[in-house]
Amino acid sequence: MSNQREQWGSKLGFILAASGSAVGIGNIWKFPHMAGQNGGAAFTLVYLACIFVVGLSLVIAEFVIGRHTQLSPVGAFEKLAPNSKWKWVGFLGVGSAFAILSFYGVVGGWIMKYIVISLTGGFSELAGNPDAAGSVFNHFITGTWSPILYQVIFMTICIWVIVNGVKGGIEKWSKIMMPLIIILLAILAVRGITLPGGMEGISFLFKPRFEDLTASSVVLALGHSFFTLSLGMGTMITYGSYIGRKQNLLNSALWVIALDTAIAMLAGVAIFTTVFALGANPAEGPGLIFVVLPSVFPQLEAGTLWGTIFFTLLFMAALTSAISILEVVTAYFIDQKGWSRKKATIQFGVIITIVGVFCSFSLGGGINITAFLGMSFFDFMDYLSSKYMLPIGGMLTAIFVLKKWGVDHFIEELKTGMDKSIISKEIIIVLLGIAATVVGFIIINEVLDIAFGIKLIQ
């Protein structure tokens with residue numbers, strides 16, 4: 001094992017890196033659509049409440065575990081609960097990171113392809129024609145070698161950043177990319193607001209419509225508050241293990257959450273003002289990013305510029321998340337196996353890339369190893385990690401603090417660097433208890449739906 005633990009060079013560097021982990025491509029396309037379809041500002045208020053009740057407590061828990069142990073997830077749980085089965089929570093986190101990056105790298109490749117298409121004026125023939133844009137997208141992702149080429153390029157960049165270490169790689173590039181993401185989103189948001197009809201997008205997002213807020217909307221907000229912060233896969237434990245003893249963890253967690261939420265809302269303004277101004281369909285997920293927007297940007301003056309700016313910021317959002325995910329796997333082999341950073345990153349970066357190739361093949365390349373399940377291998381890895389692995393990991397982390405490690409030990413570590421702050425043990429217990437219960441409910445709801453077609457909340 002390494003004797004000298006790498007550390008962040010600055011508080012700002014850590015906050016930007018952790019925020020970059022939370023701000024991914026799903027954050028940019030998912031939150032705005034959910035808010036718009038589920039009550040606008042009413043949904044946002046519920047989401048913010050969930051973030052501070054569920055998300056904040058789990059972010060802090062992972063930071064505290066990481067800093068206290070100075071180890072990645074497996075080693076952290078093993079150190080705090082030796083000779084027990086709790087280390088398997090750490091293994092679950094590493095496994096989740098592996099699974100997520102396998103398909104996430106494929107999507108990163110798609111984004112790089114669309115930067116090239118935009119730069120070369122390829123969107124111009126798609127103006128106002130989402131059907132044509134859909135055909136271009138489907139033709140690309142179902143191809144054999146082209147999507148793999150871009151996936152390999154994306155993963156190579158990711159591996160290169162991680163090989164350069166915590167300060168020289170992750171922190172350095174997070175300090176560059178996160179401000180750029182904010183600046184580029186702000187530029188796009190201003191452009192969208194100034195378009196005729198753009199304010200309809202603002203109304204869609206932020207006008208409170210409590211009549212559209214249902215019980216399922218609340219569950220949706222609860223689920224997203226958890227998933228958006230990269231919880232349950234050991235990212236925040238790993239990043240927390242590089243934090244110095246003088247840093248205020250509560251303050252850092254609040255900054256991460258604030259930046260994550262602000263960027264999600266800014267993305268909503270940028271995207272939906274533009275979409276509504278041009279009368280396009282505010283579709284969800286990949287359909288919005290890879291079908292609707294490529295048909296919208298050419299309708300704008302200097303559309304090539306705006307399209308390129310958007311996919312560039314999307315690439316940076318994808319990369320900041322991807323490097324945090326790969327770091328979880330890398331840190332495990334550094335901490336537990338004594339490997340060098342270069343060896344761990346390259347070997348498992350390559351293995352994850354190979355698994356990602358099979359994810360890509362499953363969309364149309366002729367090889368789908370999960371065809372018997374009625375879904376592509378790509379969708380299977382996404383479903384397995386997001387629906388089960390991540391929430392189980394987050395729930396068990398909360399239970400671990402409450403039942404195994406102990407809230408007193410947790411508070412003692414949390415107080416380090418907080419300048420005599422008073423922390424209520426009772427509040428910690430309540431917040432972690434709520435987090436564990438909420439996430440447990442989400443898991444049970446999903447299992448019942450799959451097994452019996454029953455949803456506790458429709």
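The values are calculated or read from the model by the stated rules, or taken from the named source; none is laboratory data. Note that the coordinates shown come from a computational prediction; the quantities given were computed from them, not determined experimentally. Cβ sites come from the backbone with ideal geometry, for glycine too, and all protein chains shown count toward neighbours.
If I ask for residues that are surrounded by fewer than 16 Cβ atoms within 10 Å (Cβ to Cβ), in a helix (DSSP H, G or I) and modelled with pLDDT under 95, which ones from region 330-348 would you list?
Correct list: 337 only.
Which residue pairs have Cβ atoms closer than 6 Å, lie 6 or more positions apart in sequence or on different chains, and pair a first residue in region 324-350 that is closer than 17 Å to residue 17 by Cα with a second residue that is among the small types (Gly, Ala, Ser) and part of a helix (DSSP H, G or I)?
324/21; 325/97; 328/97; 329/97; 330/344
Among the residues that make up region 1-17, is at least one of them at pLDDT below 90, under 15 Å from residue 262 (Cα atoms) and either buried (at least 24 other Cβ atoms within 10 Å of the Cβ) or touching a strand residue (DSSP E or B) at 6+ places or on another chain (Cβ under 7 Å) (or both)?
No, every residue in region 1-17 fails to be at pLDDT below 90, under 15 Å from residue 262 (Cα atoms) and either buried (at least 24 other Cβ atoms within 10 Å of the Cβ) or touching a strand residue (DSSP E or B) at 6+ places or on another chain (Cβ under 7 Å) (or both).
This table checks each residue for (1) in contact with a Ser or Thr (Cβ under 7 Å, 6 or more places away or on another chain); (2) under 30 Å from residue 194 (Cα atoms).
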{"site": "308", "(1), (2)": "yes, yes"}
{"site": "314", "(1), (2)": "no, yes"}
{"site": "323", "(1), (2)": "no, no"}
{"site": "342", "(1), (2)": "no, no"}
{"site": "347", "(1), (2)": "no, no"}
{"site": "358", "(1), (2)": "no, no"}
{"site": "371", "(1), (2)": "no, no"}
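Just checking, how many residues over region 121-142 are in a loop (DSSP other than H, G, I, E, B) and either out of contact with any helix residue (DSSP H, G or I) (no Cβ under 9 Å at 6 or more places or on another chain) or buried (at least 18 other Cβ atoms within 10 Å of the Cβ) (or both)?
Here the count works out to 2.
Where residues in region 18-38 are crowded, with 24+ Cβ neighbours inside 10 Å and not in a helix (DSSP H, G or I), which of them is modelled with the highest pLDDT?
Ranking the qualifying residues of region 18-38, first place goes to 23.
Regarding residue 446, is this residue of a type in the set (D, E, K, R), closer than 20 Å to residue 55 by Cβ, in a helix (DSSP H, G or I) and touching a residue at least 60 places away in the same chain (Cβ under 8 Å)?
no
Could you run through region 72-95 and say how many residues are under 18 Å from residue 409 (Cβ atoms) and not small (Gly, Ala, Ser)?
10
I'm trying to understand the selection: among the residues of region 44-100, which are buried (at least 21 other Cβ atoms within 10 Å of the Cβ), among the polar types (S, T, N, Q) and assigned to a loop (DSSP other than H, G, I, E, B)?
Correct list: 72 only.
Grab the helices (runs of 4 or more DSSP H) fully contained in region 199-318, keeping just those with 2 or more residues being under 30 Å from residue 395 (Cα atoms).
215-227, 235-240, 249-277
What residue, of 176, 148, is of a type in the set (Val, Ile, Thr), touching a helix residue (DSSP H, G or I) at 6+ places or on another chain (Cβ under 6 Å), within 26 Å of residue 293 (Cα to Cα) and assigned to a helix (DSSP H, G or I)?
Matching residue, one of 176, 148: 148.
Kindly evaluate residue 400 against the criterion of being crowded, with 19+ Cβ neighbours inside 10 Å, touching a residue at least 24 places away in the same chain (Cβ under 8 Å) and either under 16 Å from residue 141 (Cα atoms) or among the aromatic types (Phe, Trp, Tyr) (or both).
yes
Kindly evaluate residue 118 against the criterion of being surrounded by 23 or more Cβ atoms within 10 Å (Cβ to Cβ) and in a helix (DSSP H, G or I).
Here the answer is yes, as residue 118 does meet what is asked.
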